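Reading through the structure tokens given below for one structure.
The values are calculated or read from the model by the stated rules, or taken from the named source; none is laboratory data. Source: prediction; values computed, not measured. Note: ideal-geometry Cβ built from the backbone for every residue, glycine included; neighbour counts use all protein chains shown.
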Amino acid sequence: MADSSIRPGQFSSQEGAFAVRAEQRGGATVVLPTGEIDLNASPFLRQELKRIQTSRPQRLIVDLAGVPYMDSSGVATLVEAMQFARKNSTKLVLCGMQDKVRSIFEIARLETVFTIVPDVDAAMSV
Amino acid sequence: MAQPASSSSSPPKSAVGDIGEPPQIRLQLMSNPQYLSGARELVGAVAKRLGFADEACGKIALAVDEALCNVIRHGYGRETNRPIWVSIWPLIEPGEQVSAAASKARGGGDTLPSALRIVIEDEARQVDPAVIRSRDLEEIRPGGLGVHIIKAVMDEVVYERREKVGMRLTMIKRRTPEADDHMDRSNCKEYGGG
């Protein structure tokens, strides 16, 4: 569901209680999901990331500060995005992870596979 | 509330201890991902009420979420109208569930269980439990992490075929002593999400 109040270069879409917003910042595309990412929300996130990645951004930042919970379906969605990014020479960076979300990356031993930094500012320069 | 087809006349039997009494909680939900958040919140809140620390509550809710996801995706092939049952037994000692009499003998509502047994049952196609295992984490690819996560966050995990139809997953999480230090019943949080 597009939000007409968003400026050109930005978009916002929503599926139930889960929403995805994206904006351009200094040559990077910043994606801001909001809500829990489980099997109910991850297909929508996957769809939105795919749509964003078709424009082959140089740097794609996924800011997870608004995500209090993620299960393995969310992790799988981000792994898929990372693989797509590598094929297209896009630098994919994750930031803003809450402890509960970070722990699932650690359990899956993916915390070193992704580039993970504290916040968007750090993600712009890493 | 409907009972699993194979256990409607007798208590379920599990490889992780005999389950001689009805569960303290039994939730039936349809295999629709929309209900995952509600199931997580219920299980996390129950674990909190039973004295588990915040981190353990989150892990228990995560394990239930992953188990339900596996049933929905692999068991039912994403059909959204098939039944799943989540049953919960607080355990005083490993292998001993809390009965009303036992709870009363130990001081009633103040009794904290030493562990939580959670059983998830379905009517999906039966598979050999031996083939349900974690995948190699060195292989970086989407999917296949659910079983690994469940085994990583729970203390005991057993898959088995139900007597007539479907599969049963029994998970046990033990309460660590430090959980008591963190317990604050007046400040219960929700554990489905944040």
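Observations on the model:
- Some residue of the range A:22-32 being at pLDDT 95 or above, at the interface with another protein chain (Cβ under 10 Å from one of its Cβ atoms) and touching a Lys or Arg at 6+ places or on another chain (Cβ under 7 Å): no
- Looking only at residues of the range B:144-157 that are among the hydrophobic types (A, V, I, L, M, F, W, C) and over 12 Å from B:Ala67 (Cβ atoms), we find that the one that is modelled with the lowest pLDDT is B:Leu145.
- Search result, residues across the range B:57-86 that are surrounded by fewer than 24 Cβ atoms within 10 Å (Cβ to Cβ) and more than 11 Å from every other protein chain (Cβ to nearest Cβ): B:His74, B:Gly75, B:Tyr76, B:Gly77, B:Glu79, B:Asn81, B:Arg82, B:Pro83, B:Trp85, B:Val86
- Looking only at the range A:108-126, and only at residues there that are at pLDDT 95 or above and of a type in the set (A, V, I, L, M), the one that is nearest to A:Val75 (Cα to Cα): A:Ile116
- Within the range B:29-41, residues that are under 19 Å from B:Ile88 (Cα atoms) reach partners that are among the aromatic types (Phe, Trp, Tyr) and surrounded by 15 or more Cβ atoms within 10 Å (Cβ to Cβ) with beta carbons closer than 8 Å, at six or more positions or on different chains, in the pairs B:Leu29/B:Tyr35; B:Ser31/B:Tyr76; B:Arg40/A:Tyr69; B:Arg40/B:Tyr191; B:Glu41/B:Tyr191.
- A:Arg102 being surrounded by fewer than 23 Cβ atoms within 10 Å (Cβ to Cβ) and in contact (Cβ under 8 Å) with a residue 12 or more places away in the chain: yes
- A single member of B:Arg141, B:Arg133 is part of a loop (DSSP other than H, G, I, E, B), within 10 Å of another protein chain (Cβ to nearest Cβ) and at pLDDT below 95, and it is B:Arg141.
- Among the residues of the range A:57-80, those that are within 9 Å of another protein chain (Cβ to nearest Cβ), surrounded by 22 or more Cβ atoms within 10 Å (Cβ to Cβ) and assigned to a helix (DSSP H, G or I) comprise A:Ser72, A:Ser73, A:Val75, A:Thr77, A:Leu78.
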